[in-house]
Structure formats: C-alpha cells, structure tokens
C-alpha cells in the first residue's frame, strides 16, 4: 500500500452504501448501479447504491441514505438496518492520490419482489453471481472443488510455521474442509480469506498479492463494495434464525412452500419440508387466510399471512 499524503490527513468524507435485497423466482437479488468510467480510477464496475452524507441537507444518516437511493434507483425504502462502518485506510484510491479519508456506513435494506420489468430496468442481480461458492441448495458447489480448494491449499503450503497453521485452520473452518460442517453465516470471513489469498479480482486491483488464476470465477465489484455485500448477507443469514425479517420479503399472502423456498434462497441450503412446517407452526409466525392458491401447478395449496 502506498503511503498517504499528510496534507489532507484531517479531511474526512462520509459515504452511505445500501445492500438492497429482494428475492425473485427463488433467487436472492441485490440492487446494483454502475460506477462510471474514470471514477476512483477503476473504470466501469458494479457498485452498490451509494452517495455522500451531506449534513447541511440530510437531517439524519437514514434520511441521507433514503434520499440517495431514491435518486439513483427510484426505489422508496421500507425496512432499513445499519450494518457496519467501513473505514480502512486507502479503501478509496482517491485517498492515495491526496484526497480525503473516505469512510462508508453500510445499510441492509429488504424489499418485496420487484416485477420482471423492474428487475431488468433497475439492475437487480442474483447475489450468487458475486459469491457462487455460497449456494449449497444443490449440494457442495463445484467451484469449491475445481477452483477454490486447490488454490487455497497452495496458498496454505506457501507459508511455514505458525503462519501456515493459521492459514490452514482458517480455511478449514471457513470452507468446511476435511469433513467439517459448512456454516452459512461466515460469508464475510470466506470473502476476506479469498481476498488475502489473492483469489478475487479486488485483491489484484487494490495492489495486494498477485492475482491467482481463479480471479475470473466470480463477479467483482468496485472498491470494497463486495465486502460490504458479504457483510449484509452474513447479517441477514444470521438474523433469519431469530427475527421474522423474511416477511419483509414476502407478499401479503403466500404458501408454506413459498416461504420455505425464500428461506432456502437466502441461507443457500435446502430445508427438510416436514421439519420446517413443524417449526413454523410451533412458533406461530403465520396464520391461514382461508384462501387457496390454485396456481401451484399441482395440488391447491393453502394461503397464509404473517401473524403480527
């Protein structure tokens, strides 16, 4: 990392980033905007909706976020939760060039399914395009076996002593190597490990370790936006286990199969149908609407709603 200019050491810029999530046809999607060529020296790259916090115009951080997102996407936000503050030195190349220190406050936003036309017009993208190793709904992803695991093992073998042991332990825990259990909440830990090992394009662009051959196996994003997205996915995967936030993504009426498929999409793993239904009934989270869905393609299914 290049040394930063001390002339602007006291300058600070605060940005707002939104991880906006919806589920479309059983795929968790995130809203993406384009970062124009020449911005921060990174060319045209995919970005999360973002904008600066302007204290003379925005009464609160939340108000600033809603203002920027609506201006960039036309979307009015519902459920909003602050994620984390990202402020690593040099996270924005403009800082290295003598610009201000840039920190960004990330937010998680949940919104109900957009229409198909809306999907194309506003730039919704499946989040597994950016993290293909996170989707275990059809079993262990082949990208782990064919691309990631062999390169991780080479990266581990390149270090010796305690450093090598540390790399090995982290890789085993994060990527469920050597028969360990996959923890779907460790999205951020896995991405940061791949960054450190030089297995994602961002590590190469940001002047870290040389890029490995597996750089092209997933889509990259501008600056540290993929790290922000990983933080949002980790938070949501953890939260659906103890808070009924999934209903922010559901229509007012749904079948239990619709609900199960949505949770599977977010968690990246299949659920046992009978166990899932027993859990839903025991927790009392839904109630029957007295209506039947006849468009299931099979037997008519009972429609439910969230029991507030």
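Note on the range 140-157: residues that are out of contact with any helix residue (DSSP H, G or I) (no Cβ under 8 Å at 6 or more places or on another chain) and either under 22 Å from residue 234 (Cβ atoms) or modelled with pLDDT of 95 or more (or both) amount to 1. What do you reckon, is residue 198 surrounded by 16 or more Cβ atoms within 10 Å (Cβ to Cβ), not in a helix (DSSP H, G or I) and not assigned by TED's automatic domain parsing to the domain that holds residue 88? Judged against the criteria, residue 198 is a match. Across the range 3-31, the number of residues qualifying as at pLDDT 85 or above and not in a strand (DSSP E or B) comes to 2. Does residue 304 satisfy being part of a helix (DSSP H, G or I) and either surrounded by 12 or more Cβ atoms within 10 Å (Cβ to Cβ) or modelled with pLDDT of 85 or more (or both)? Considered against the rule, which asks whether it is part of a helix (DSSP H, G or I) and either surrounded by 12 or more Cβ atoms within 10 Å (Cβ to Cβ) or modelled with pLDDT of 85 or more (or both), residue 304 comes out as no.
Got at least one residue in the range 72-86 being touching a strand residue (DSSP E or B) at 6+ places or on another chain (Cβ under 8 Å), at pLDDT below 75 and either part of a loop (DSSP other than H, G, I, E, B) or surrounded by fewer than 19 Cβ atoms within 10 Å (Cβ to Cβ) (or both)?
Restricting attention to the range 72-86, the residues satisfying the condition of being touching a strand residue (DSSP E or B) at 6+ places or on another chain (Cβ under 8 Å) are 72-73, 75, 77-86.
Narrowing the set further to residues that are at pLDDT below 75 leaves none.
Looking for residues that are touching a strand residue (DSSP E or B) at 6+ places or on another chain (Cβ under 8 Å), at pLDDT below 75 and either part of a loop (DSSP other than H, G, I, E, B) or surrounded by fewer than 19 Cβ atoms within 10 Å (Cβ to Cβ) (or both), one finds none in the range 72-86, hence no.
In this structure, residue 211 does not satisfy being modelled with pLDDT under 85 and assigned to a helix (DSSP H, G or I). For residue 276, are the conditions met, namely being in contact with a strand residue (DSSP E or B) (Cβ under 8 Å, 6 or more places away or on another chain) and either surrounded by 12 or more Cβ atoms within 10 Å (Cβ to Cβ) or assigned to a strand (DSSP E or B) (or both)? Answer is no for this residue. Is there a residue being over 27 Å from residue 204 (Cβ atoms), modelled with pLDDT of 90 or more, in contact with a helix residue (DSSP H, G or I) (Cβ under 7 Å, 6 or more places away or on another chain) and not assigned by TED's automatic domain parsing to the domain that holds residue 188 anywhere in the range 54-61? Within the range 54-61, none of the residues are over 27 Å from residue 204 (Cβ atoms), modelled with pLDDT of 90 or more, in contact with a helix residue (DSSP H, G or I) (Cβ under 7 Å, 6 or more places away or on another chain) and not assigned by TED's automatic domain parsing to the domain that holds residue 188. Just a yes or no: is a residue in the range 251-270 in contact (Cβ under 8 Å) with a residue 40 or more places away in the chain, assigned to a loop (DSSP other than H, G, I, E, B), surrounded by 21 or more Cβ atoms within 10 Å (Cβ to Cβ) and not assigned by TED's automatic domain parsing to the domain that holds residue 22? There is at least one residue in the range 251-270 that is in contact (Cβ under 8 Å) with a residue 40 or more places away in the chain, assigned to a loop (DSSP other than H, G, I, E, B), surrounded by 21 or more Cβ atoms within 10 Å (Cβ to Cβ) and not assigned by TED's automatic domain parsing to the domain that holds residue 22. Screening the candidates 66, 91 for the property of being part of a helix (DSSP H, G or I) and either at pLDDT below 90 or within 27 Å of residue 243 (Cβ to Cβ) (or both) yields one hit, 66.
The values are calculated or read from the model by the stated rules, or taken from the named source; none is laboratory data. It should be emphasised that the depicted structure is a prediction, and the values quoted were computed from it without experimental measurement. Note that we place each Cβ from the backbone using ideal geometry, even for glycine, and neighbour counts take in every protein chain shown.
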